[in-house]
Amino acid sequence: MSSQTTTMLSARWHPPSYDIRVEDVPIPQIQDPDDAIVKVTLAGLCGSDLHIYRGQLPIDKIHITGHEFIGEVIKLGSNYGPNAAQPASGRPDLYATLNVGDKIVAPFTVNCGECHVCRLGYTGRCPAGALFGSPKLDGGQAQYVRVPKAGGTLYNLSSHTSWSSSINTPGADFENHLKGIADSSLLLLSDILPTGVFAATQLLSHPKMQPVLTGRAWPPGLYSTVANNASMLSEEDRMITIGVIGLGPVGVCATVALLDDLARRDLPYRVVAIDLNESRREKMKKVYETIHPDGKGSKGEFVVQGFEDAKATVAKWTGGVGCTSIMEVVGNNGALTSAYELVRSFGVITSVGVQPPKNVPFTGQQLYDKNISLDFGRCPVRAMFPMAFELLVRRQDVFGKVGTESSLIDRIVGLEEATEMYRAFDKGEVGKVLFDPWK
Ligand SMILES: NC(=O)c1ccc[n+]([C@@H]2O[C@H](COP(=O)([O-])OP(=O)(O)OC[C@H]3O[C@@H](n4cnc5c(N)ncnc54)[C@H](O)[C@@H]3O)[C@@H](O)[C@H]2O)c1
Ligand SMILES: [Zn+2]
Ligand SMILES: [Zn+2]
């Protein structure tokens with residue numbers, strides 16, 4: 001940044017709704033010693049931006065939009081430096097190792113990395129946290145962004161010593177993996193890919209999924225000696241039937257993560273992927289065709305349908321019993337109602353859709369009558385990041401390209417197009433859009 005430049009380009013939301021303006025605003029400065037200032041190289045447009053865009057949330061503050069970004073660190077607060085993270089301080093290593101010039105990816109929420117909630121892995125709900133692109137914290141659809149608590153929040157792509165996964169351990173050729181991955185692909189790590197992995201992981205790790213996954217009848221034994229755990233279920237009993245509701249970019253990521261997990265466990269499955277919008281269904285079909293067999297296994301059946309057809313499919317597959325579990329990736333009561341209709345008794349509905357400030361559309365009696373488990377909420381991106389990174393490396397067939405029939409990312413445009421891209425994304429006319437604020 002030149003010393004004369006004091007303003008930058010940004011996309012800002014104006015109340016009450018449907019009003020995104022591309023405006024010059026002051027470049028953010030360090031406000032707290034834990035802050036970093038990042039030059040944004042790419043920012044994503046996400047379904048979560050649409051809830052604010054549509055005026056669905058009680059917000060009146062003009063603010064810079066966007067919570068998905070990657071970029072380069074250009075300034076660090078005074079708490080950074082080689083001596084910043086002595087073991088006794090309990091501070092994350094990144095305070096000592098992050099440098100100006102490092103390439104980073106930011107989770108969509110700030111998290112301190114040093115509190116009880118963060119240590120448990122529930123980083124998306126850190127009490128010191130904040131959501132980028134909200135009234136509380138300006139977002140990344142801009143040329144620069146301020147990152148509070150950056151030492152606990154960011155992932156340093158220039159040096160992977162601050163995080164670990166099975167492919168960035170010594171000798172695992174991490175640098176080569178990273179070299180082959182485009183920035184547009186890495187941007188997906190700030191939200192939608194970890195959120196997809198989170199949705200699939202919440203679903204497959206739920207106790208009610210254990211009978212079909214392990215072949216042992218309910219209840220999943222807390223102790224391995226429990227007698228009825230020894231009874232093996234038949235192949236038919238173990239057929240996993242899953243509905244995915246909502247095939248926007250997050251729904252596609254969740255589906256790819258789910259199929260990858262099932263394939264790696266070498267399990268048979270039936271998945272019905274559902275959206276109201278035909279172009280979203282077409283994209284999902286193309287994505288499925290593109291996934292290499294190692295990412296979808298050889299024992300699965302996969303169909304993409306509208307809701308009424310899906311209902312008939314599930315009834316046929318399960319003799320009227322219903323889906324083992326449902327992933328809801330929309331965030332409205334219509335989708336939750338569909339989830340309830342499709343799920344079996346003793347079923348699970350996991351939802352990552354950002355929900356409106358309304359009651360959910362089921363009575364207590366309806367939940368009782370089907371023994372339903374509900375599992376909702378925000379993705380703890382920082383905690384999911386290593387798994388998402390590994391999936392990104394494995395699934396470059398889907399996540400590596402831009403603008404093809406089967407690629408998740410539709411286009412990369414300049415920030416000047418923000419107003420039009422919000423309109424088109426809201427209407428489902430485009431898929432995942434990225435902004436290059438320097439284009
Ligand atoms: N939990 C998290 O941490 C997290 C993170 C990212 C996104 N999200 C949320 O995930 C949701 C999806 O994000 P996205 O970027 O894919 O959004 P999107 O708006 O592009 O996709 C939503 C899709 O749902 C479809 N849909 C709407 N109503 C439906 C219904 N009744 N039945 C079936 N399909 C229906 C739409 O046609 C659309 O294709 C949003 O609510 C977003 O806010 C949550
Ligand atoms: Zn997002
Ligand atoms: Zn914390």
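Laboratory data are not the source of any read-out in this text; all were calculated from the coordinates shown. Note that the structure is a prediction, hence the values are computed from the model and not measured. Neighbour counts run over all protein chains shown; Cβ positions are idealised from the backbone, glycine included.
Please sort by residue number the GluC sites (Glu not before Pro) in region 236-328 whose DSSP state is loop and whose Cβ has at most 14 other Cβ atoms within 10 Å. Each step should come with its number before you reach the end.
Numbers: sites: Glu236, Glu278, Glu282, Glu289, Glu301, Glu308, Glu328; in loops: Glu236.
Passing sites in region 236-328 are Glu236.
Principal-axis analysis of the Cα atoms of the chain puts helix 333-342 at an angle of about 30° to the longest axis. Dipole magnitude for the chain: about 640 debye, using +1 per Lys or Arg Cβ and -1 per Asp or Glu Cβ, origin at the Cα centre.
Helix 307-318 axis versus longest C-alpha principal axis of the chain: approximately 50°, rounded to the nearest ten. For helix 278-290, what angle does its Cα long axis make with the longest principal axis of the chain, in degrees from 0 to 90 and rounded to 10? Helix 278-290 sits roughly 80 degrees off the main axis of the chain.
Among beta bridges identified by DSSP and lying wholly in region 195-376, the antiparallel ones come to about 5 percent.
For the chain, what proportion of DSSP beta bridges, expressed in % and rounded to the nearest 5, is antiparallel?
Rounded to the nearest five, the antiparallel share is 55 percent.
Each Cα pair under 8 Å and six or more residues apart adds its separation to the average, and for the chain the resulting relative contact order is 18 percent.
Shown here for region 4-91: trypsin sites (Lys or Arg not before Pro) in loop regions (DSSP other than H, G, I, E, B) with at most 10 other Cβ atoms within 10 Å, namely Lys61. Label zone (Glu289, point 7 Å along Cα-to-C-beta; backbone nitrogen cut-off 17 Å) within region 300-327: 302-305.
Annotation note: GluC sites (Glu not before Pro) in region 335-431 located in DSSP loop regions with a Cβ neighbour count of at most 15 within 10 Å are Glu405, Glu429. Please list, in order, the residues from region 9-23 whose amide nitrogen is less than 18 Å from a point placed 7 Å along the Cα→Cβ vector of Asn277. Counting only backbone N, you get 18-20. Near Pro135, once Lys and Arg are set to +1 and Asp and Glu to -1 for all other residues with Cβ below 14 Å from its Cβ, the sum equals 0. Taking a straight line from the alpha carbon of Lys149, these aspartates and glutamates sit under 12 Å away, with near neighbours fewer than eight places off in the same chain left out: Asp32, Asp34, Asp35, Glu114. Spatial offset of region 346-398 relative to region 88-155 amounts to 23 Å, using the alpha carbon center of each.
Taking a ≥ b ≥ c as the square roots of the eigenvalues of the Cα gyration tensor, region 195-376 is oblate, since a/c reaches 1.5 or more and a/b is not larger than b/c.
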